[in-house]
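Heads up, the thing below is written out as structure tokens.
The values are calculated or read from the model by the stated rules, or taken from the named source; none is laboratory data. These numbers were taken from a predicted model, which means no experiment stands behind them. Because the Cβ atoms are built from the backbone with ideal geometry, glycine has one as well, and the counts that use them run over all protein chains shown. In case anyone asks, the SASA skips ligands and DNA or RNA and just uses the protein heavy atoms, side chains included. Shrake-Rupley method; radii C 1.70, N 1.55, O 1.52, S 1.80 Å.
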Amino acid sequence: MTYSLIAKDPKTNALGLVTATGNLAVGGFVPHLCPGVGAIATQGFSTNYWYGVNGLKQLENGENADSVVKNLTDADKGRDYRQMLLLDAKGNGAAWTGHANTAHHAHIIAPNLVAGGNILANDEVIPTMKSGFEQALKNGVPFSRALLCALKAAFEAGGDKRGTSSAVIKVVAPNALPLDLRVDDHPQPITELHRLYDMTQQDDYQSFFVRLPTPDHPHQH
């Protein structure tokens, strides 16, 4: 019931995740990110939230992307109803889509990118999501905005077959403050998410944002 994309920005080592669904508060269940460690999207017919919590722990302990996905799904008797997307801090991807998820369902793994979804309107949603992100980057769009372009492209390709009511973008990077915006319930959540993002780019917000402490500059004020 969800379509998501995780990507890494090789220039900054930022990890970003966008997701949307036809249900309430997708940001409360799907995205799990830790700077310098990895990002995980947990979704599916019966979402296993703990894939995100435990998957990040395993990545932090040195497991590789494929091993984390295998460890978690092998131990889960309900794995056929799950979907999991994972990208580690090096940009290596892995994914699982259980066969009991409602069609259309799919995932794509590429360098520095993983995308996937279930209960989709058609088979083109996820390839379109990937190409929307890649085309935006090619056109010089900043990483975080390119993630939003991916979400919009997937929505316009059909998105969740039941419609879309919540959406989120999260971006984290070592020694940087996060971008964390979510729309929990809205008739046009993708448009609303873009509006919130545009607000973060305004001068008054940026003047506040750039003076906040970071691990590298803990005394900024």
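Note on the chain: GNM, Cα springs under 10 Å; of ASN48, ASN61, ASN23, the largest mean-square fluctuation is that of ASN61. Surface analysis of the chain yields an accessible area of 47 Å² per residue, using protein heavy atoms and a 1.4 Å probe.
The local environment of GLU124, defined by Cβ-Cβ distances under 14 Å, has a net charge of -1 under the rule Lys, Arg +1 and Asp, Glu -1. At the residue level, ASP180 shows approximately 80 square angstrom of accessible surface with a 1.4 angstrom probe and all protein chains present. Oblate is the label for the chain, because a/c, from the alpha-carbon gyration tensor with a ≥ b ≥ c as root eigenvalues, is 1.5 or above and a/b does not exceed b/c. For region 34-74, the residues whose backbone nitrogen is under 19 Å from a point 7 Å from the Cα of THR102, taken along Cα to Cβ, are 42-49. Going 7 Å from the Cα of GLU192 toward and past its Cβ, which residues in region 19-33 have a backbone nitrogen under 20 Å from where you end up? Correct set: 19-31.
Over the chain, dividing the summed -39,500 (n - 2.57) contributions of all DSSP H runs of at least 4 residues by the number of residues returns a 222 nm mean residue ellipticity of -9500 deg cm²/dmol.
Against the criterion of solvent-accessible heavy-atom surface with a 1.4 angstrom probe, THR128, THR12, THR21 sort, most first, into THR12, THR128, THR21.
Estimated at the nearest 10 Å², the accessible area of GLU124 is 110 Å² with a 1.4 Å probe. Label-to-label distance, GLU134 versus ASP185, with points set 7 angstrom from Cα along the beta-carbon direction: 3.8 nm.
Which residues in region 140-184 place their backbone N less than 18 Å from a point set 7 Å from the Cα of HIS217 along the Cα-to-Cβ direction? Label zone hits: 173-179. The local environment of ARG145, defined by Cβ-Cβ distances under 12 Å, has a net charge of -1 under the rule Lys, Arg +1 and Asp, Glu -1. May I ask for the net charge around GLY27, where only other residues with Cβ less than 10 Å from the Cβ of GLY27 are counted and Lys, Arg are +1 while Asp, Glu are -1? Net of charged neighbours comes to 0.
Of the solvent-accessible surface of region 12-64, computed with a 1.4 Å probe over protein heavy atoms with every protein chain present, carbon and sulfur atoms account for 51 percent.
Of the accessible area of region 78-189, with the probe set at 1.4 angstrom, what percent is carbon plus sulfur? So the carbon and sulfur contribution to the accessible surface is 51 percent.
Which of rounded, prolate, oblate describes region 9-137, given a ≥ b ≥ c as roots of the alpha-carbon gyration tensor eigenvalues and a/c under 1.5 marking rounded, otherwise prolate only if a/b is larger than b/c? Oblate shape, in that a/c is at least 1.5 and b/c is the bigger or equal ratio.
In this entry, region 36-86 is assigned a mean projected area of 3.0 nm², taken as a quarter of its C-alpha convex hull surface.
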